[in-house]
Amino acid sequence: MPVTAIVGAQWGDEGKGKITDLLAQEADLVIRYGGGSNAGHTVINDFGEFKLHLVPSGIFNSTAISLVGTGTVVDLDFLGPELDHIRAAGVSTDGLRFSSRSHLTMPYHLLLDRLGDEARNSFVIGTTRRGVGPTYVDKADRVGIQAGDLLDPALFRRKLELVLPAKNKQLRDVHGAEAIKLEELVEKGEAWRRLYGHLIVDQVELVHAALQNDDYVLLEGQLGALRDLDWGTYPFVTSSTTVAGGGAVGGGIPPMCIAKVVGVVKAYTSAVGEGPLPAELHDETGKRLRERGAEFGATTGRPRRVGWFDAVATRYAHLLNNFTGIAVTKLDVLDGEPTLKICTSYMVGERRYHTVPGTAELERAVPEYEEIEGWEGSCADARSWKDLPVGAKAYLSRLEELVGAPISHVSVGPAREQTILQAGMR
């Protein structure tokens, strides 16, 4: 079967967890291919409500393998409480695996993330302070520690002996923080090995056995295209790739095998963190949408910034990913709005943009809007395209036209069954 990548098409928090959970019910292998515990994927199903940060959203399919892939960074201290919550709901975690090549987020990464962001003052990025950025820095600097290193305690110690003096010097001399003791980290590594060593696998062997067996493979992205390290609103981005191409790298999948790409968007715009957000609303409408949509970060709890649907940004994400389908979430949040707006272009001075410019220009961008009539009544009970209010169908059709990709799924509520599938579309 073709590999399907599920990616965010906005600034993150679009509802990828719900869409992955839905599609994973038929999957054989689900791979988180990037990011770390900074991700917050909310899933609501028959087991309850979950906010997943490291565990792939396919974990609720007991017959599937849920792989934390090579492109991720893993905080194993953070993993324990997440697994406890999942298991307490009666969910088996027997299918969980970790790539031996994924990188470990160490305690010094957490400290450096927090202290580093605080030191930026007016240039603060607004990271989740989960240590993700510093972990990727070490990966690029070739001093990172991989999950597979836990299986060789002597190697694990040698790598710590190499990197820890420099980390402690940075903590002491730059930030005035206390040094971290080598033996404490060695003991922590031994505890991690006992708890999770049996879950560490050779990703290439696992993934390519699935491909040769024609298994159904899902790639689960994190955050959104506008937070991509290369293509997002740099420097207000994450430290990894969020686009479908990154799924080939972090997932260990030949690019030609990714035949379907589902871009997940909200029916409006939201974002956590700093940086330009042209369609952001600072008025009562924005406040109303935030409250209706429960727009608070799954990882940080911070109120999300909210705005009208930004077709420029979403079309840009489509250009980067080539969406074969768009999954629109939280359509029901717009119920009862008399008039809706869609950002169709940006003006920067006298120049009009129909794609996303560099961050310096984007910060000066003035959104241009197209107005469309809203609808009365609720979308929440709709289970097919024909069940949707006429205004809702017109709104979705206009989004398709502006983005240039077909809508494959429409979510009208948080529950798994509150989703109109492609087979039910017009």
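Please treat every number below as a calculation from the coordinates, not as lab data. Just so we're clear, the structure is a prediction, and the values are computed from it rather than from any experiment. No Cβ is skipped: glycine too gets one built from the backbone with ideal geometry, and neighbour counts run over all protein chains shown.
Using 0.36 nm per residue, how much length does the chain from His354 to Ala191 gain when fully extended, once their Cα-Cα distance is taken away?
That pair, His354 and Ala191, stretches by 53.5 nm at full extension.
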Set of lysines with alpha-carbon distance to Lys386 below 29 Å, sequence-local pairs under 8 removed: Lys16, Lys18, Lys260, Lys266, Lys330, Lys341
At 25 °C and a viscosity of 0.890 mPa s, what translational diffusion coefficient does Stokes-Einstein give for the stretch 232-287, taking Rh as the Kirkwood radius over Cα pairs? Give it in µm²/s as a whole number. 173 µm²/s
Rounded to the nearest 20 Debye, what is the dipole magnitude of the stretch 103-196 about its Cα centre when Lys and Arg each give +1 and Asp and Glu each give -1 at the C-beta? 120 debye
Of the listed peptides 171-177, 52-58, 72-78, 110-116, what is their order by residue-averaged count of other C-beta atoms within 10 Å, with the highest listed first? 52-58, 72-78, 110-116, 171-177
Could you give the distance between the Cα centres of the stretch 205-219 and the stretch 268-336, to the whole Å? 33 Å
Among Leu277, Ser99, Cys257, which residue has its Cα furthest toward the positive end of the charge dipole of the chain, with +1 on Lys/Arg Cβ and -1 on Asp/Glu Cβ? Ser99
Going Cα to Cα from Lys393, which aspartates and glutamates come in below 14 Å? Please leave out same-chain ones fewer than 8 positions away. Asp332, Asp335, Glu373, Glu376, Glu401
With unit charges on the beta carbons (Lys and Arg positive, Asp and Glu negative) and the dipole taken about the Cα centre of the chain, which residue among Leu340, Leu67, Ser408 sits farthest to the positive side? Leu67
Mean ellipticity per residue at 222 nm, deg cm²/dmol - from DSSP H runs of n ≥ 4 across the chain, formula -39500 (n - 2.57): -9500 deg cm²/dmol
The residues His354, His103, His109, sorted from fewest to most surrounding Cβ atoms within 10 Å, come out as His354, His103, His109
Loop by DSSP (not H, G, I, E, B), at most 14 other beta-carbon atoms within 10 Å: where is the longest site-free stretch of the chain for GluC sites (Glu not before Pro)? 1-177
What is the Cα coordinate range of the stretch 261-360 on the first, second and third principal axes, sorted by size from largest, in whole angstrom? 34, 34, 32
In whole angstrom, the spacing between the Cα centers of the stretch 43-84 and the stretch 354-426 equals 28 Å
Just subtract the alpha-carbon distance of Glu26 and Asp84 from 0.36 nm times their residue separation and send over the number in nm, one decimal. 18.4 nm
Any trypsin sites (Lys or Arg not before Pro) in the stretch 335-409 that lie in a DSSP loop and have at most 14 other Cβ atoms within 10 Å would be Arg364, Arg383
With labels modelled as points extended 7 Å from the Cα through the Cβ direction, what inter-label distance (nm, one decimal) is found for Asp230 paired with Met347? 3.5 nm
Using the Kirkwood radius over Cα pairs, work out the Stokes-Einstein diffusion coefficient for the stretch 265-424 at 4 °C and 1.567 mPa s, in µm²/s as a whole number. 80 µm²/s
Assign unit charges at the C-beta atoms only (+1 for Lys and Arg, -1 for Asp and Glu), then state the dipole size of the chain relative to its Cα centre in Debye, rounded to the nearest 20. 520 debye
Positive-end residue, the stretch 103-196 charge dipole about Cα centroid, Cβ charges, pick of Ala179, Leu150, Val163: Leu150
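Between Asp387 and Ala259, what FRET efficiency comes out of the Förster formula 1/(1 + (r/R0)^6) with R0 = 41 Å and r the beta carbon distance, rounded to 0.05?
Approximately 0.85, to the nearest 0.05.
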Expressed in nm², what is the orientationally averaged projection area of the convex hull enclosing the Cα positions of the stretch 329-426? 7.2 nm²
